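So the structure is just underneath, and the comments pick up after that.
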Amino acid sequence: MKSRKKAARKSATSGRDAALRRPGPKRVPKKPRIAVLIADDHSVVREGLVSLIRRKPDMTVVGEAKNGREAVDLWKQHRPDVTLLDLRMPELDGVSAIKEIRRGDENARIIVLTTFDGDEDIYRAIQAGAKGYLLKDVPREALMDSIRRVHAGETCVPVHLAAKLAERVSGETLSAREIDVLKLMAQGKSNKEIGSALFISEGTVKSHVKAIFAKMNVISRTEAVANATRRGLIQL
């Protein structure tokens, strides 16, 4: 009788020991959420983006900037995984902000989110180091997908914007002096006034204007200014 009780106790103890040794279900570690910094000078846009991103379980907002200078400062403070950056902002424009951020980390992942689709705007942003370029009318889920893709190391530029970028890269480039002339043309200044402002002769101004017309394939100052504004070469 005693031997049977002893055997039963031994069997129960062995069962408990086996249960303790048996591995339980493995816990899958949660992936850290994508830390996003938002920089836009329009409060309604910022608030909308914050609300949208915070609803995603794999993302979180770590900072909101209302100008380019604040964007750089907050980036240095939080070191976000992805930064959403407007192109035209006060104090420091988007391209300048990208350059400053990338001086701190050349691998910084930045997406330009803007209303401007000029080929020069796209070119300058990508050249500065942006990993994505999106327009503000982008569908919500496409924006979220772009954040994830850029965070994963990809570059996101929609096909129609990539085509504009390719056209800009392959086309003739205006010189810095020609851009200066264009800006003064946009202000309605005459060749003589442009020459005086740039300390060059009126004849040199005429040569620059002729080169601008040829490179931009236009026939008038009005057309040149309109074309340059649309492309993002100058801002009115």
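The values are calculated or read from the model by the stated rules, or taken from the named source; none is laboratory data. What you are looking at is a predicted structure, and each value in this text was computed from that prediction instead of being measured. For neighbour counting, all protein chains shown are included, and Cβ atoms are generated from backbone atoms with ideal geometry for every residue, glycine included. Side chains included, ligands, DNA and RNA excluded: accessible areas come from the protein's heavy atoms. Shrake-Rupley method; radii C 1.70, N 1.55, O 1.52, S 1.80 Å.
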Next on the checklist: So in the stretch 80-93, with the set limited to residues that are free of Cβ contacts under 8 Å to residues at least 40 places away in the same chain and under 22 Å from C156 (Cβ atoms), which one is nearest to the chain's Cα centre (by Cα)?
Outcome noted: L87
Next on the checklist: For the structure I just gave you, tell me whether R46 is basic (K, R), surrounded by 18 or more Cβ atoms within 10 Å (Cβ to Cβ) and closer than 22 Å to I101 by Cβ.
Outcome noted: yes
Item to check | Boolean, V82 is modelled with pLDDT under 95 and not polar (S, T, N, Q) | outcome: no
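A quick yes/no check of all residues on (1) among the basic types (K, R); (2) more than 19 Å from T115 (Cβ to Cβ):
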position	(1), (2)
I53	no, yes
M59	no, yes
A65	no, no
E70	no, yes
D73	no, yes
K76	yes, yes
T83	no, no
M89	no, no
L92	no, no
Item to check | In the stretch 49-73, the residues that are within 15 Å of H151 (Cβ to Cβ) and open to solvent by 80 Å² or more (accessible area, probe 1.4 Å) | outcome: P57
Checklist entry - Among (1) at pLDDT 90 or above; (2) surrounded by fewer than 16 Cβ atoms within 10 Å (Cβ to Cβ), where does V157 come up short? => result (2)
Checklist entry - What is the one condition in (1) touching a residue at least 24 places away in the same chain (Cβ under 8 Å); (2) in a helix (DSSP H, G or I); (3) surrounded by 15 or more Cβ atoms within 10 Å (Cβ to Cβ) that K76 does not satisfy? => result (3)
Item to check | Subset of the stretch 173-196 [charged (D, E, K, R), open to solvent by 40 Å² or more (accessible area, probe 1.4 Å) and under 18 Å from T229 (Cβ atoms)] | outcome: D180, K183, K189
Checklist entry - Hey, among the residues in the stretch 120-160 that are of a type in the set (G, A, S) and either part of a loop (DSSP other than H, G, I, E, B) or under 13 Å from the mean Cα position of the chain (by Cα) (or both), which one's farthest from A176 (Cα to Cα)? => result A152
Checklist entry - Could you count how many residues in the stretch 197-234 are loosely packed, with under 15 Cβ neighbours inside 10 Å and over 22 Å from K164 (Cβ atoms)? => result 10
Item to check | the stretch 161-192: number of residues that are out of contact with any His (no Cβ under 9 Å at 6 or more places or on another chain), small (G, A, S) and part of a loop (DSSP other than H, G, I, E, B) | outcome: 3
Checklist entry - How many residues, within the stretch 111-141, are under 24 Å from E47 (Cβ atoms), out of contact with any Phe, Trp or Tyr (no Cβ under 9 Å at 6 or more places or on another chain) and open to solvent by less than 40 Å² (accessible area, probe 1.4 Å)? => result 5
Item to check | Qualifying residues in the stretch 87-114 (those that are aliphatic (A, V, I, L, M) and assigned to a loop (DSSP other than H, G, I, E, B)) - the one nearest to R149 (Cα to Cα) | outcome: A108
